[in-house]
1. Please work out which one of (1) farther than 15 Å from GLY10 by Cβ; (2) touching a Gly at 6+ places or on another chain (Cβ under 7 Å) is the condition MET128 fails and give its number.
2. Restricting to region 38-61, count the residues that are under 14 Å from VAL83 (Cβ atoms) and surrounded by fewer than 16 Cβ atoms within 10 Å (Cβ to Cβ).
3. Can you name every residue in region 5-20 that is closer than 21 Å to GLY52 by Cβ and of a type in the set (Gly, Ala, Ser)?
4. Hey, any hits in region 134-148 for a residue that's at pLDDT 95 or above and either hydroxyl-bearing (Ser, Thr, Tyr) or touching a strand residue (DSSP E or B) at 6+ places or on another chain (Cβ under 7 Å) (or both)?
5. Could you please find all residues in region 112-139 being in contact (Cβ under 8 Å) with a residue 24 or more places away in the chain and assigned to a helix (DSSP H, G or I)?
6. Any idea which of (1) farther than 14 Å from VAL86 by Cα; (2) crowded, with 22+ Cβ neighbours inside 10 Å; (3) among the hydrophobic types (A, V, I, L, M, F, W, C) is the one PHE28 doesn't satisfy?
7. Within region 58-115, which residues are closer than 19 Å to ARG41 by Cα and of a type in the set (Ser, Thr, Tyr)?
8. Among the numbered criteria (1) at negative phi; (2) surrounded by 16 or more Cβ atoms within 10 Å (Cβ to Cβ); (3) in the same structural domain as LYS23 (by TED's automatic domain parsing), which single criterion is violated by ASN116?
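The values are calculated or read from the model by the stated rules, or taken from the named source; none is laboratory data. All values derive from a computational prediction rather than experimental measurement. All Cβ positions, glycine included, derive from the backbone under ideal geometry; neighbour counts span all protein chains shown.
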Amino acid sequence: MKAKVSIIMGSTSDLGVMEGAAKILDQFEIPFEINALSAHRTPAEVETFAKGAKDRGIEVIIAGAGMAAHLPGVIAAMTTLPVIGVPIKASLDGWDAMLAILQMPPGIPVATVAINGSMNAAILAVQMMALGKPELQEKLVQFKEDLKKKIVKANQDLSEVKFKFKTN
């Protein structure tokens, strides 16, 4: 089994956030790898990773970083693969990371999800990979249907909650 998605984080302290992406990829049965690389502390290793990812069979990179959050952009500068940035709430409520990932120069795009939004990053990666893959597309359709069912069930459960002045 060869990884198709690479989950990269600036530090293992980010694993608590990035494991959301791993859980989604597991659910969709997409092989992935997880590594810690730092744009500032291990720049040579980041370059080796980014330049070699496509040749290793990686199709999408999910890169999480906090604070200065240069990791997704640095990776995007060195590969033609799609990079999805996950801003991690480490300081300033994560807005510093969000802005660092969003404000990429022309020609170096990084798709960006919400602060600590690694689950959505993985879903976006699956959607990218599903183009031209009907079996993966069908899994996405079922995933979305399951989301609807959860909300219907939640409303049924709420109908059982009793309050003196509740009208429904």
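1. (2)
2. Residues that pass the stated criteria total 2.
3. SER6, GLY10
4. No, every residue in region 134-148 fails to be at pLDDT 95 or above and either hydroxyl-bearing (Ser, Thr, Tyr) or touching a strand residue (DSSP E or B) at 6+ places or on another chain (Cβ under 7 Å) (or both).
5. SER118, MET119, ALA121, ALA122, ILE123, LEU124, ALA125, VAL126, MET128, MET129, LEU136, LYS139
6. (2) is the only condition that PHE28 fails.
7. SER91
8. (1)
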